[in-house]
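Trainee: One structure is given below, represented as structure tokens, and several questions about it will come after.
Laboratory data are not the source of any read-out in this text; all were calculated from the coordinates shown. On a predicted model such as this, the values are computed, not experimentally measured, just so you know. Neighbour counts run over all protein chains shown; Cβ positions are idealised from the backbone, glycine included.
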Amino acid sequence: MTPPVTPLPQLPRLPRRLRADAPSWTETTDVCVIGSGVAGLTCALNLRDAGFHVTVVTKVHIDDGSTRWAQGGVAAVLDPHDSPAAHARDTQIAGVGLCDPAAVEVTVTEGPDRIADLIHTGARFDRYADGSLQLTREGGHRARRIVHAGGDATGAEIQRALHQAVLRDPWIRIIENAMVLDLLTDASGHAAGVSLHILGEGVEHGVGGVEARAVVLATGGMGQIFQSTTNPSVSIGDGVALAMRAGATVTDLEFVQFHPTTLYVGKDHGLLPDGTEGDRQPLVTEAIRGEGAHLLDHSGERFMVGLHELAELAPRDVVAKAATARMRAEGQPHVWLDARHLGRTMLEERFPTVTGSCRALGIDPVTDLIPVAPAAHYASGGVRTDLHGRTTVPGLYAAGEAACTGLHGANRLASNSLLEALVFTRRIADDLAERKPSPGTPEAPEGEGWVCSTTSRAPLQQAMSAGAGVLRSAASLEATAEALTALGDNVSGRPRPATWEATNLLTVATAVTAAAYSRRETRGSHWREDHPGASDDWLGHLHLSISPDGALETTWESV
């Protein structure tokens, strides 16, 4: 059965390009990679191995993305008692029927070799005295298959190793403090580069262009469409918005994973103790539950026991929903994580980042319960790609959190994200090496474009958290769409970084809201209070794109 895709009563019109000055400078490369996290830097290194010259464009500084904040690790089958089939099974269970089996197979079978590549690049993972890799377990995994570094500082170590490797290669050009605006295409519609704006440093002439044979989007997540998120301030969905303006299809955007255990830091879970707004919520890694920490409600009950066979190690959507439901029932803004029984040595040596974050707020996890609450964490959907990272726009590729490869389905299995980036960036480089695309001449863009007012960011985040967050319903999503439409009516902003970001936020938030409204069931990280059960009628994917006149179009594809 094909379920009817019911559109929202109202949605804002969306731009097909951003308003910006004409480029005043241009440079040329073979491949332009947008983003400098694990996906962007790994892709750049793989492309260099394939013989391409690469330009990496990053929004702020090379280390300012989400990768360095990843605590848990990378999932891969490295234990002889484990198997790719077991890893695939755990991935598909977490994805609740929507994982692409081919994408899962590719990832779990090629993953171990990509871990070896990363070690060869210089990443130092934690090892036992005999030199063997330490493996831990996280939610949804039925085996220990997570490699980690620095206890709970895996992302920082991977970012360090990749950054150093990129700096050693003179044929990788890095442009920092640059916001990418729109895709450039040639007469055939093939990607031919990007327009961008230097944010006050580097090249002094502002808007320019990087012409390239192909473009790879590795821009990370979109957590900043919500008030409370583990994502840094740069993670606003730039790549997804750019792809949509270029005519690409995005998929599974309703499946936003809320991490069940972020450190609760204030009444509004978005304020630091001094009352200022924080860029990101400190993460309390799932690995601490993998080592035996328990979740408690305010009466001291372990509320996950009996709800799922894995209790606190259930998939993240299950734990986040249970925590949210318990917080609502008790009228409390958080639940508790009890790690006291793990002991000082385990907490300080295995989880130094978590322990340090807690102590900075006056909480000692050795003796105190840790207040935690769900926050927007990871987008399982993104720009639709095939098994080689190709999007629906020729010459435009996507990788990492900006992409929807089909691996995650309705809910990402813990620590599969870094693995996915490693696997698919290698496949992108191999595909480009085989295709050897010729340079194209960018066509002048049509239309003037528009941008939103800078005042739209805060009310957009408030509307998304209130109506399209962990708990959703038709009524809450209609209210969110109404708020977004009102924000979309204010397009009087002048072209500059703040208005470009506001427009990207509006584009991505609109798409997430529309997808969440259309899917009338509860599945994975998408929880509809008015449709609390999963339905086989909804075993499929919602694809979204922007029509030439700016309308959001939604189509359905059955699994």
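Trainee: Could you check what % of the DSSP bridge pairs in the chain are antiparallel, to the nearest 5?
Mentor: 65
Trainee: Need one number: nm distance between label points at Ser83 and Ser558, each 7 Å from Cα along Cα→Cβ, rounded to one decimal.
Mentor: 3.2
Trainee: Could you order peptides 437-446, 469-478, 169-178 by the average number of other Cβ atoms within 10 Å of their residues, highest first?
Mentor: Listed from highest to lowest mean packing, they are 469-478, 169-178, 437-446.
Trainee: I need the Debye-formula profile for segment 264-374: one equal scatterer per C-alpha, no solvent, reported as log10 I(q)/I(0) at q = 0.11 1/Å, two decimals.
Mentor: For segment 264-374 at q = 0.11 Å⁻¹, log10 I(q)/I(0) is -0.33.
Trainee: Shifting gears a bit: Among DSSP bridges having both ends in segment 264-374, what percentage is antiparallel? Round to the nearest 5.
Mentor: Among the beta bridges of segment 264-374, antiparallel pairing accounts for roughly 90 percent.
Trainee: Charges at C-beta only: +1 for Lys and Arg, -1 for Asp and Glu. How large is the resulting dipole of segment 434-484 about its Cα centre, in Debye rounded to 20?
Mentor: Taking the Cα centre of segment 434-484 as origin, the dipole is about 300 debye.
Trainee: Write down the radius of gyration of segment 1-147 and its Dmax, each obtained from C-alpha positions, in Å.
Mentor: 20.6, 63
Trainee: Above 19 angstrom, tally the Cα pairs of segment 98-228 and express them as a % of all pairs, no decimals.
Mentor: Looking at segment 98-228, the distances longer than 19 Å represent 70 percent of pairs.
Trainee: Could you work out how far apart the two model spin labels at Ala102 and Asp130 are, taking each label as a point 7 Å from the Cα in the direction of the beta carbon, and quote it in nm?
Mentor: Inter-label distance under the simple model: 4.1 nm.
Trainee: Let me ask something additional. Using 0.36 nm per residue, how much length does the chain from Ala479 to Val305 gain when fully extended, once their Cα-Cα distance is taken away?
Mentor: Extra length available between Ala479 and Val305 comes to 59.1 nm.
Trainee: In deg cm²/dmol and to the nearest 500, what is the mean residue ellipticity at 222 nm of the chain if only DSSP H runs of at least 4 residues count, each as -39500 (n - 2.57), divided by the residue total?
Mentor: The helix contribution divided over the chain gives -9500 deg cm²/dmol.
Trainee: When the C-alpha atoms of segment 385-501 are aligned to their principal axes, what extent does each axis show, in angstrom, from largest down?
Mentor: Answer, in whole Å and largest first: 47, 42, 22 Å.
Trainee: Taking the Cβ of each residue in Glu110, Glu286 as the centre, tally the other Cβ atoms inside 10 Å and list the residues starting with the fewest.
Mentor: Glu110, Glu286
Trainee: Please report, in whole Å, how far the alpha carbons of segment 454-558 spread along each principal axis, starting with the longest.
Mentor: 47, 29, 19
Trainee: Would you mind calculating the gained length between Ile93 and Thr6 on full extension (0.36 nm times residue separation, minus the Cα-Cα distance), in nm to one decimal?
Mentor: 28.5 nm
Trainee: So, counting K/R as plus one and D/E as minus one, what does the shell of residues with Cβ under 10 Å around Arg390 add up to?
Mentor: Result for the local shell: +1.
Trainee: Counting pairs of alpha carbon atoms under 8 Å apart in space and at least six apart in sequence, what relative contact order in percent does the chain give?
Mentor: 24
Trainee: Follow-up question, since we're still on this one. Mind putting a number on the dipole of the chain about its Cα centre? Charges go on the C-beta only, +1 for Lys and Arg and -1 for Asp and Glu, and I need it in Debye to the nearest 20.
Mentor: Dipole size: approximately 240 debye.
Trainee: Still on this structure, please answer the following. Out of every Cα pair in segment 13-64, what percent are spaced more than 17 Å from each other?
Mentor: 52
Trainee: Take the Cβ-Cβ distance between Arg359 and Trp171 as r, set R0 to 56 Å, and report the resulting FRET efficiency rounded to the nearest 0.05.
Mentor: The formula returns an efficiency of 0.80 here.
Trainee: What's the ranking of 5-11, 37-43, 388-394 by average number of surrounding C-beta atoms within 10 Å, highest first?
Mentor: 37-43, 388-394, 5-11
Trainee: Taking the beta-carbon count within 10 Å as an exposure proxy, list Val31, Val240, Val265 from fewest neighbours to most.
Mentor: Listing Val31, Val240, Val265 from fewest to most nearby Cβ atoms yields Val265, Val31, Val240.
Trainee: Now, a different point. Would you please give the FRET efficiency between Arg344 and Asp530, computed as 1/(1 + (r/R0)^6) with r the Cβ-Cβ distance and R0 = 35 Å, to the nearest 0.05?
Mentor: Efficiency, from the Cβ-Cβ distance: 0.15.
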